[in-house]
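Below is one structure, written out as structure tokens; the observations come after it.
The values are calculated or read from the model by the stated rules, or taken from the named source; none is laboratory data. It should be emphasised that the depicted structure is a prediction, and the values quoted were computed from it without experimental measurement. Reconstructed Cβ throughout: ideal geometry from the backbone, glycine too, with neighbour counts over all protein chains shown. Note: areas computed on protein heavy atoms with side chains; ligands, DNA, RNA excluded. Shrake-Rupley method; radii C 1.70, N 1.55, O 1.52, S 1.80 Å.
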Amino acid sequence: MEDVIYFYTVTDKYGELSNFAKLGFEADGKYWPTVEHYFQAKKFEGQTYENKIRRALTAKNARNMGRSREYPIRNDWEVVKVNVMRDALNRKFQNNQAAKILLLSIGGKVLV
């Protein structure tokens, strides 16, 4: 399977591609520590819980907080979630040169 790159944890060979990689970026006038923080927080855009997720100590904490149903998820989440992830990834790779170079190095391989 040379044409497939598997990654999940930040310690993997391609770990910088993970949404948990500590490669922060600016968006919406705020700093986001990871893609995971941004994605999970945006489920609760406009609520105080959004900022609590942004400030979570780790990406795992942000993920767990985002999975909570203690607070209502925005009504349009199913419609916007792919674009939210796309925006986060674009910002991550625009602002982190090493990660961008790594991503471009995979060529036509499939990321899983």
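Right, Lys92: open to solvent by 80 Å² or more (accessible area, probe 1.4 Å), in a helix (DSSP H, G or I), touching a helix residue (DSSP H, G or I) at 6+ places or on another chain (Cβ under 8 Å) and among the basic types (Lys, Arg) or not? It is false that Lys92 is open to solvent by 80 Å² or more (accessible area, probe 1.4 Å), in a helix (DSSP H, G or I), touching a helix residue (DSSP H, G or I) at 6+ places or on another chain (Cβ under 8 Å) and among the basic types (Lys, Arg). When you scan the range 66-76, do you find a residue that is over 10 Å from the mean Cα position of the chain (by Cα), over 28 Å from Lys100 (Cβ atoms) and of a type in the set (A, V, I, L, M), even just one? Among the residues of the range 66-76, at least one is over 10 Å from the mean Cα position of the chain (by Cα), over 28 Å from Lys100 (Cβ atoms) and of a type in the set (A, V, I, L, M), which makes the answer yes.
Among the residues of the range 57-88, not one is touching a residue at least 12 places away in the same chain (Cβ under 8 Å), open to solvent by 50 Å² or more (accessible area, probe 1.4 Å) and under 22 Å from Val4 (Cα atoms).
On inspection, Leu111 qualifies as at pLDDT below 90, surrounded by 11 or more Cβ atoms within 10 Å (Cβ to Cβ) and among the hydrophobic types (A, V, I, L, M, F, W, C). Close contacts from the range 89-102, counting a first residue that is of a type in the set (S, T, N, Q) and a second that is surrounded by fewer than 18 Cβ atoms within 10 Å (Cβ to Cβ) and in a helix (DSSP H, G or I), with Cβ to Cβ under 9 Å and a gap of 6+ residues or different chains, come to Gln94/Lys100.
Restricting the search to the range 57-87, which residues are charged (D, E, K, R), part of a helix (DSSP H, G or I) and farther than 14 Å from Phe20 by Cα? Arg67, Glu78, Lys81, Arg86, Asp87, listed by residue number.
Scanning the range 15-37 for residues that are assigned to a helix (DSSP H, G or I) and closer than 19 Å to Leu111 by Cβ turns up Gly15, Glu16, Leu17, Val35, Glu36. Of the residues making up the range 39-56, those that are in a helix (DSSP H, G or I) and either of a type in the set (D, E, K, R) or surrounded by 14 or more Cβ atoms within 10 Å (Cβ to Cβ) (or both) are Phe39, Gln40, Ala41, Lys42, Lys43, Phe44, Tyr49, Glu50, Lys52, Ile53, Arg54.
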